[in-house]
1. What is the ratio of the Cα radius of gyration of the chain to 2.2 N^0.38 Å, where N is its residue count, to two decimals?
2. Once amide H atoms are built 1.01 Å from N in the peptide plane, which residues 5 or more positions from residue 75, or in another chain, come under 5 Å H to H?
3. Using modelled amide H (1.01 Å from N, peptide plane; none on Pro or chain starts), what sits under 5 Å from the amide H of residue 151, excluding residues fewer than 5 places away?
4. What percent antiparallel are the DSSP beta bridges of the stretch 43-246, to the nearest 5?
5. Under 14 Å between alpha carbons, and skipping anything fewer than 8 positions from residue 38 in its own chain: which aspartates and glutamates qualify?
6. In whole Å, largest first, what are the principal axis extents of the Cα atoms in the stretch 1-112?
7. Inverting the mean 1/r over all pairs of different Cα atoms, compute the Kirkwood radius of the stretch 43-246 and quote it in Å.
8. Of all the C-alpha pairs in the stretch 223-372, what % are more than 21 Å from each other?
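Only the coordinates and a few stated rules stand behind these numbers; no lab work does. Nothing here was measured: the structure is a model prediction, and the numbers come from that model. Methodologically, a virtual Cβ is constructed for each residue, glycine included, from the backbone with ideal geometry; neighbour enumeration extends over all protein chains shown.
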Amino acid sequence: MAFLFWFAVLFILYVYFGYPLLVALLARFRPAQPPALKELPSVTLLIAAYNEEKVIASKLENSLALDYPRQKLQILVAADGSSDRTPDIVRQFEAQGVELNYIPERNGKMAAIVRAMPRARGSIVVISDANNMYNEQAIRELVKPYGDPKVGATTGAKLILEDERQLSFAEGFYWKYESWIKENETRLSTCTSAVGEMLSIRKELFQPPTRKIVNDDRYTVFNLIRRGYRVYYTPAARSYETVSKTAKDEIVRRTRMVAGAYQTVAMAGELLPFNRPLVLWQVISHKYLRAYVPFAMILALISNLALVVFPPKAGSFWQLAYPFNVIFLALQAGFYGLAVFGNFVRFKGPLGKLLYLPTFLVNSNYAVLMGLFSFLTNKNIHLWQRVER
């Protein structure tokens, strides 16, 4: 039983700390920058929008203000199934060169991208969402790595606009952690994930999926990596957005994302780069093993409880003999108690934000379990359920 406990603990530590530290160490021996891009390419900014009447005008104003030659930048909005004023608002920007691709049926983000892609005139297509804003230099920064012909896609940094809420702090902390991993992965070989609202790709390399896809960004990244291309993370390209209004909304959002993660796990045979051992290790460690963390957490708790109820007659720390079995169970009980407590009570100030981190971690892994259930039972998981921000 002690073996199961330590296996679960080491699994969790490897996923959250071991792999990121190993990548950071190995990345120190690799060059940082690709060759310089000689000429700015033509770009299509493809904005996927579903019922975004509250933010679409701000998004288009932000897009028109980007520092990129206007004659080389096409702004194209794909608005599937919007039942609000989103298409009408987009049409108000047609005089400024904004184009609309709209159908009344709702088929999901990936379907909208596939349908709009033939209308994209840029050699580089930047896929974006309506609820996030770019910094002025974003497009210029995203296209820089294409000086390397092996770079098939690029992505930028996701920054959370933090407010007084602990959720915004925790979400912001998470994305800083993710960005650090992406930067080191890029230096080592290739980034294994992308920010879905800031993903650029060479148009000629885009391959439509053969099935309904939940996470368009994850599928696109894995598809390119499988074919031998690099995905490059460039932190100077920044995407800003606010966090979900409540922890419940955040769980709903993450549940759909994780359902997409399980979909890619099921598609491992056609997406994993088996001919690239280093990259295979990166993809599995960063994107696949996280889907099993909640099961490791449950295993650690149950095995620890069993070792308290049925303690070893004699043994060492590693065998979880008394008092170590009780100490570890108390630590786990305290951690989960704090996580549950954080959903109902809010403390102000820096201490309150730190105390919320266990809540964020447990809620995120609860969403992983819900994502698995959704993947197994929901036939329409490819359709995005909007949450308030």
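1. Numbers: Rg = 22.3 Å, N = 389, 2.2 N^0.38 = 21.2 Å.
The chain yields a ratio of 1.05.
2. Those qualifying (amide H under 5 Å, at least 5 residues apart or on another chain) are 45, 99.
3. For residue 151, whose amide H was placed from the backbone, the distant partners under 5 Å are 230.
4. Values: 10 of 36 bridges.
Of the beta bridges lying entirely in the stretch 43-246, close to 30 percent run antiparallel.
5. 141, 148
6. Between the extreme Cα coordinates on each principal axis of the stretch 1-112 lie 66, 43, 22 Å.
7. Values: mean 1/r = 0.0583 Å⁻¹.
After inverting the pairwise mean of 1/r, the radius is 17.2 Å.
8. Values: 7023 of 11175 pairs.
Everything past 21 Å amounts to 63 percent.
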